[in-house]
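As structure tokens, the structure follows; a few thoughts come after it.
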Amino acid sequence: MCVPIVALIALFFTFFGGNSIIALLIMAYSFVLQLFPPLFLSLWKKNPVTKTGAAAGIIAGVIMVAYVTLTSSTMATFFPKAPSFIKDLDVGIAALVINIVFMFVVSAFTKTSVKIKTEMKTKAV
């Protein structure tokens, strides 16, 4: 049942939205790219990222990708006075940077709250 529906949607985009299918493809790649930092850091022995931080980073990156794709923004619209090599970057890179920043900031705050809870439990015992 699902295959004919997806086929009809693909057919619609093929005939009426040639550029939108490319935008969807770029958006899909950018969404998958948001999974890379937590996945890579999860392979470390001393993982500096908490689950909450990883989730917050992914969500922030996905929101950035969705906003940029839906508004057709570019790096030039975000940084109009930046050098041309910055303006030519894909916006997925900016979303990746936001993802990493959110991931580490939220992880820093949640690690301290976990330490405080652990200390309170050990003092109570």
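Checked against (1) of a type in the set (Gly, Ala, Ser); (2) surrounded by fewer than 18 Cβ atoms within 10 Å (Cβ to Cβ); (3) assigned to a helix (DSSP H, G or I), Ala82 passes all but a single condition, namely (3).
When Trp44 is tested against (1) in contact with a Phe, Trp or Tyr (Cβ under 6 Å, 6 or more places away or on another chain); (2) open to solvent by 50 Å² or more (accessible area, probe 1.4 Å), exactly one condition is not met: (1).
Among the residues making up the range 25-48, a single one is in contact with a Ser or Thr (Cβ under 7 Å, 6 or more places away or on another chain) and under 15 Å from Phe104 (Cβ atoms): Pro48. Against the numbered list (1) in contact (Cβ under 8 Å) with a residue 12 or more places away in the chain; (2) among the small types (Gly, Ala, Ser); (3) not in a helix (DSSP H, G or I), Ala66 comes up short only at (3). Put simply, of Val32, Val91 the only residue that is open to solvent by less than 60 Å² (accessible area, probe 1.4 Å) and β-branched (Val, Ile, Thr) is Val91. Taking Lys51 as the residue in question, decide whether it is over 15 Å from Lys111 (Cβ atoms), at pLDDT 85 or above and open to solvent by 50 Å² or more (accessible area, probe 1.4 Å). So Lys51 fails the test.
Just one of the listed residues (Thr110, Thr77, Thr14, Thr69) is open to solvent by 80 Å² or more (accessible area, probe 1.4 Å) and modelled with pLDDT of 75 or more, namely Thr77. For the range 34-43, indicate whether the set of residues that are in contact with a helix residue (DSSP H, G or I) (Cβ under 6 Å, 6 or more places away or on another chain) and among the aliphatic types (A, V, I, L, M) is non-empty. Among the residues of the range 34-43, not one is in contact with a helix residue (DSSP H, G or I) (Cβ under 6 Å, 6 or more places away or on another chain) and among the aliphatic types (A, V, I, L, M), which makes the answer no.
The values are calculated or read from the model by the stated rules, or taken from the named source; none is laboratory data. All figures in this text were calculated on a predicted structure; none of them were measured in a lab. For neighbour counting, all protein chains shown are included, and Cβ atoms are generated from backbone atoms with ideal geometry for every residue, glycine included. All accessible areas refer to the heavy atoms of the entire protein, side chains included, with ligands and DNA or RNA removed. Shrake-Rupley method; radii C 1.70, N 1.55, O 1.52, S 1.80 Å.
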